[in-house]
Amino acid sequence: MTRNTARTGTWMARAALALSVALTPVAVSAETLADALVAAYKNSGLLEQQRALLRAEDENVAIAVSALRPVISYSATAGRTITDPAVGTGGVALTDTWNASVTLSAQLLLFDFGQTDKQIEIARENVLMTREALVGVEQNVLLNAAIAYLDVVSANEAVGLQNNSVRLITQELRAARDRFEVGEITQTDVSLAEAALAAGRANAAAAQGQLLVARESYKAAVGFYPGNLAPLPPLPRIPESVEAAKAQARVRHPDILSAQRAVTVAEKSVELAKLSTRPTVTATSNVTRTARPGDTMTGTAGITLSGPIYAGGRLTALYRQAIAQSEASRAALLITTQAIERAVGNAWAQLTVAGASLQATDQQIRASQVALRGAREEATLGARTTLDVLNAEQDLLDAQTSAVQSRADRYAAVYSLLSSMGLLTAEHLHLGIVTYDPRAYYNAVQGAPLRQVSPQGQKLDHILEALGKN
């Protein structure tokens, strides 16, 4: 009996322990800034759109390559001919004839002085330019997510500060009323505290509204509403000087790289426009089989030389146009580079201002805390009024609010600086996720295959079918 009782007690203890573990609420891990960036990368419709546009641009390479391949086509005809003899032919009967034929044709470009090769080169440069555009969209998506995260964190802190201010002013109002009852202060002091409490509640409501706005922006940028957000992580590393940052931007920013590709495309377009005046040599062959009447087969083969003689000035106009567009693309590259350098300088200046502001607000907070303690102690001795205490509390609240905003501004400036340098990417930030490989689809289609090779496109088709848009 003793052993059974002991075993029963042990079993019940283990069951109770298991039950308590099962019922213990699991702590929900806080969402970090890296989590928000990963979610934005995975859920962004802009990135999906740009990837689809890149795949469409990849197909232009296949289209250009196909011009070097033979073009084989067929045609089939069938008909019926009924002949009604003319009057006076002596009663000859009607004739009813069926005829059918099948033709197989083939055409192959033999030589065009490099026009098709130049078109392939242009198509490949356009693919590289679109890849840079994809990187630019990725940077914008991640920057928007980072800003949205910072806004929610700041809004949460602002709500906490305003609610705490309301709590402190409520205590001050209660103390003022107590002191008024014993005749230490006048009704004016009580009214000042009541007015401050009303203003504090209005500010708390405004802060709560700003938090709701920030939450909506977060959902738009990340894909879902924020939960329990973790404190801000350490700042990413940045260059030691603004000149070093500008130097990196000139060689890394996708807008500059895209503009460089555009210059290359424009220069190759000038060469193509010049080659368009050259002739082309094409081989053609046809095989036709006639079923009825009779059963015959005929075949032809030949080489065709063709080229323009006079086009009304169109070709020379296209050549001059290509030259002008090339000059415009080089000017656009210079403008883009200047804009990126200005963006780097602006982000660096904002970072400097935010850092200095944060240091100043930290000192202001410490001084305001000392002043508030002194005002409260002196108010109990009658050396300070209720208004003095309320002003000291407001000064501390303003300093704390400024510190929150300065801290958010510093983080926003750092991520803006990384974006202006072309470094705000999932790969550079080491987010630890599998990123989209733009070369995979290109490698599959650049040789102009005859089969469907787009798993991304199939996935998109399934999504469109689910939405009823296909």
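A short reminder: the numbers here are calculations on the coordinates, not readings from a lab. Values in this document were obtained by computation on a predicted structure and should not be read as measured data. Because the Cβ atoms are built from the backbone with ideal geometry, glycine has one as well, and the counts that use them run over all protein chains shown.
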task: Extending each Cα 7 Å along its Cβ direction at GLN187 and LEU53, get the distance between those two points in nm, one decimal.
output: 6.9 nm
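Using a Förster distance of 60 angstrom, determine the FRET efficiency expected from the C-beta separation of ALA311 and ASP398, and round it to 0.05. Numbers along the way, then the final one.
Values: r = 74 Å, r/R0 = 1.23.
The calculated FRET efficiency here is 0.20.
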Reference-scaled alpha-carbon Rg (2.2 N^0.38 Å with N residues) for the chain: 1.69
field: Packing-based exposure ordering (other Cβ within 10 Å, fewest first) of PHE180, PHE224, PHE111
entry: PHE224, PHE111, PHE180
message: Can you tell me which aspartates and glutamates have their Cα less than 15 Å from the Cα of LYS268? Leave out same-chain residues fewer than eight positions away.
response: ASP117, GLU121, GLU125, GLU327
message: Using a Cα-Cα cut-off of under 15 Å, which aspartates and glutamates could be cross-linked to LYS219, ignoring same-chain neighbours fewer than 8 residues away?
response: GLU31, ASP35, ASP151
task: Would you list which aspartates and glutamates come within 12 Å of LYS42, measuring only between C-alpha atoms, while excluding same-chain residues fewer than 8 positions from it?
output: GLU138
task: Could you order peptides 155-166, 311-322 by the average number of other Cβ atoms within 10 Å of their residues, highest first?
output: 155-166, 311-322
- line: Whole-Hz Karplus couplings 3J(HN,Hα) for the stretch 329-344, θ = phi - 60° and coefficients 6.51, -1.76, 1.60, Gly and Pro as x, run 5, 5, 5, 5, 4, 5, 5, 5, 4, 4, 5, 5, 4, 5, 5, 5
- prompt: Once you put a point 7 Å from the Cα of LEU94 and another 7 Å from the Cα of ALA356, both along the Cβ direction, what distance in nm separates them?
  reply: 10.3 nm
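Add -39500 (n - 2.57) for each DSSP H run of 4 or more in the chain, then divide by its residues: what number comes out at 222 nm, to the nearest 500 deg cm²/dmol? Don't skip to the end; give the middle numbers.
On the way: 11 runs with 315 residues, N = 470.
For the chain, the value works out to -24000 deg cm²/dmol.
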- prompt: How many nm separate the modelled label positions at ALA199 and TYR74, each set 7 Å beyond the Cα in the direction of the Cβ?
  reply: 8.9 nm
message: What does the extension gain come out to for THR81 and THR380, with contour length at 0.36 nm per residue minus their alpha carbon separation?
response: 95.7 nm
